[in-house]
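Worksheet: one structure, shown below.
The values are calculated or read from the model by the stated rules, or taken from the named source; none is laboratory data. Only a predicted model underlies this, so the values are computations on that prediction, with no experimental measurement involved. Cβ atoms come from the backbone with ideal geometry, glycine included; neighbour counts cover every protein chain shown.
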């Protein structure tokens, strides 16, 4: 599709941008990437110029602008090579959407206390009990998906899907903050890190000139 | 098709339950309703009887269970694509999903300070400035959708879509807390409130103890 543009935030910190970007890459879309560094005085004005909600990510195609990660993912999944973003089995697809939606609106404490920070040298950080409860819920979701996966791939539903794009920033948080994990969860995080587009994103994140001391979720 | 069952919370205040319930009614899929009273000592155990995820709303279709209102709406769209739960035009559909997703993860101040309460007698409420900002954003979304995509009917994208289901609880909040709207948005609010399914839900909500 010609003329696609994806506006994103700093790769080191913008977890929502990572999700949409991974989905667009997986759908083999060719798109122009506009990085809007967050947390600067001029950020808000630049964001409003690129996104009706004033938030990134935002995907534009001519006059149509699609903001919000989950809407971008559903829209990308409708493109010719995007169908593989959701599992082909209807029940699996419903489950993938349920956990993706849960990630989309939930886990507020995890996001607040352990923000994505790809420039952080991995080290533990103390967190309150509500974060521990959310981590336990995520590990339960992952374990259930991994136990039921229909094919042998390393991701939540075997092959890489939108659900993995949704949980990829969580895998980076678990590593950056050295969160102790079950073996299943640790292996899943390894699979996310071994996904080639993920490596590309992380390398670009580390090379970014901007540093935010206390990144927002 | 196996019988659909929707597990919901109290109709007077469970805004997340209203969304998929209204969508099911609007697209005419028969379903069994299971209502679990929230905020009681036994609530958690009750929900877990029906919803292994521990969450409402929860839709079951035979052995399949789907939780989260937005995931349920996408599932309903797959069950009955001809019902037009999303707009048929690709651009309009993308924007409908964007405004729905923004509702799904946003507007925390609106949700906190103007919580859905269908037993409240409509009267002007008070709220802090961050809720005002959320209200402004909702007005902007509704205005843009109505102007760009709404010419074929009274709803955000003309005919009723999942986006209207997502914003239906907001419509009730604006009504109950006396949020002022311009004439065009008032007409939209009234179109949602006049839906027979909305009246059915509201009547049931007001009879709840």
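A single member of B:123, B:140, B:152 is touching a strand residue (DSSP E or B) at 6+ places or on another chain (Cβ under 7 Å) and more than 30 Å from residue A:99 (Cβ to Cβ), and it is B:152.
Of all residues in the stretch A:81-98, those satisfying the criterion of being in contact (Cβ under 8 Å) with a residue 24 or more places away in the chain, part of a helix (DSSP H, G or I) and more than 8 Å from every other protein chain (Cβ to nearest Cβ) are A:84, A:85, A:92, A:96.
Please work out if residue B:76 is assigned to a helix (DSSP H, G or I), within 12 Å of chain A (Cβ to nearest Cβ) and closer than 24 Å to residue A:145 by Cα. In short, yes. Before we move on, is residue A:55 more than 26 Å from residue A:154 (Cβ to Cβ) and not in a helix (DSSP H, G or I)? So residue A:55 fits the description; yes.
In the set B:133, B:140, B:162, B:168, only one residue is closer than 21 Å to residue B:98 by Cα, in contact with a helix residue (DSSP H, G or I) (Cβ under 8 Å, 6 or more places away or on another chain) and without any contact (Cβ under 8 Å) to a residue 60 or more places away in the chain; that residue is B:133. Looking at B:189, B:199, B:124, just one residue is farther than 19 Å from residue B:57 by Cα and touching a residue at least 24 places away in the same chain (Cβ under 8 Å), and that residue is B:124. What's the total number of residues in the stretch A:19-32 that are surrounded by 22 or more Cβ atoms within 10 Å (Cβ to Cβ) and touching a strand residue (DSSP E or B) at 6+ places or on another chain (Cβ under 8 Å)? Count: 3.
Per this entry, residue A:30 is counted among residues that are more than 25 Å from residue A:134 (Cβ to Cβ), assigned to a loop (DSSP other than H, G, I, E, B) and more than 13 Å from every other protein chain (Cβ to nearest Cβ).
For the stretch B:172-195, the set of residues classified as assigned to a helix (DSSP H, G or I) and in contact with a helix residue (DSSP H, G or I) (Cβ under 8 Å, 6 or more places away or on another chain) consists of B:172, B:173, B:174, B:175, B:184, B:185, B:188, B:189, B:192, B:193, listed by residue number.
Kindly establish whether residue B:66 is buried (at least 24 other Cβ atoms within 10 Å of the Cβ) and within 15 Å of the chain's Cα centre (by Cα). Judged against the criteria, residue B:66 is not a match. Candidates B:48, B:70: the one that is within 13 Å of another protein chain (Cβ to nearest Cβ) and closer than 23 Å to residue A:148 by Cβ is B:70.
Of all residues being part of a loop (DSSP other than H, G, I, E, B) and within 14 Å of chain B (Cβ to nearest Cβ) in the stretch A:33-52, which is surrounded by the most Cβ atoms within 10 Å (Cβ to Cβ)? Just the residue, please. Among those residues, the one meeting the criterion is A:51. Return the residues of the stretch A:86-129 that are surrounded by fewer than 16 Cβ atoms within 10 Å (Cβ to Cβ) and closer than 15 Å to residue A:155 by Cβ; say none if nothing qualifies. Within the stretch A:86-129, A:88, A:89 meet the criteria. Residues that are over 19 Å from the mean Cα position of the chain (by Cα) and away from chain A (no Cβ under 14 Å) within the stretch B:91-121 comprise just one, B:121. In a residue-by-residue description of the stretch A:141-154, the property of being in contact (Cβ under 8 Å) with a residue 24 or more places away in the chain, outside any helix (DSSP H, G or I), buried (at least 18 other Cβ atoms within 10 Å of the Cβ) and more than 13 Å from the chain's Cα centre (by Cα) applies to no position. Only residues that are more than 23 Å from residue A:118 (Cβ to Cβ) and modelled with pLDDT of 95 or more were counted across the stretch A:28-56, and they come to 2.
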